[in-house]
């Protein structure tokens, strides 16, 4: 399925806005459920605003114990796109909200919603992926005696003065 929004189609609507429903798994993410998103795409002169919400469940690997766990996400999307290169002198001023970025379309004639959602999900995943508040990752690693045989050589190193 094509998940691209034509800027020309957007401009030709009477309200200069479109609603877009997305429900699919995204390649590159270990999706357990389809990512669902309802987006409103608005033309604001030289800019295009994409607002909405994204929900779904992905499988992540815990940074502490290395076990896989299910992670549910639910976050808002608020993205701005510049229709023409940002180096051009814009005739209108536009206020950016805190944390908002502008993506330069470089004169492209469409917005790739699939790519937008992929990037949004990746950026909204936690920096430290932990399966739970009571994760005993260090205990797991000691019990399993996970060691790399290539490191065995370092066990017999003698350090002078010790």
So, residue 91, is that one on the phi > 0 side of the Ramachandran plot and either at pLDDT below 90 or surrounded by fewer than 14 Cβ atoms within 10 Å (Cβ to Cβ) (or both) or not? no
Residue list for region 5-27, restricted to those being in a loop (DSSP other than H, G, I, E, B), loosely packed, with under 13 Cβ neighbours inside 10 Å and either on the phi > 0 side of the Ramachandran plot or more than 24 Å from the chain's Cα centre (by Cα) (or both): 12, 13, 14, 15
Restricting to region 103-120, what's the tally of residues that are within 20 Å of residue 25 (Cβ to Cβ) and either more than 18 Å from the chain's Cα centre (by Cα) or outside any helix (DSSP H, G or I) (or both)? 1
Considering every residue within region 38-54, establish whether at least one is modelled with pLDDT of 95 or more and over 23 Å from residue 9 (Cβ atoms). no
Over region 28-59, the set of residues within 14 Å of the chain's Cα centre (by Cα) and touching a residue at least 40 places away in the same chain (Cβ under 8 Å) is 28, 29, 35, 37, 54, 56, 58
Only one residue in 38, 2 is out of contact with any helix residue (DSSP H, G or I) (no Cβ under 6 Å at 6 or more places or on another chain), surrounded by 15 or more Cβ atoms within 10 Å (Cβ to Cβ) and farther than 21 Å from residue 102 by Cβ, so which one is that? 38
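The values are calculated or read from the model by the stated rules, or taken from the named source; none is laboratory data. Not measured: the values here are computed from a predicted model. All Cβ positions, glycine included, derive from the backbone under ideal geometry; neighbour counts span all protein chains shown.
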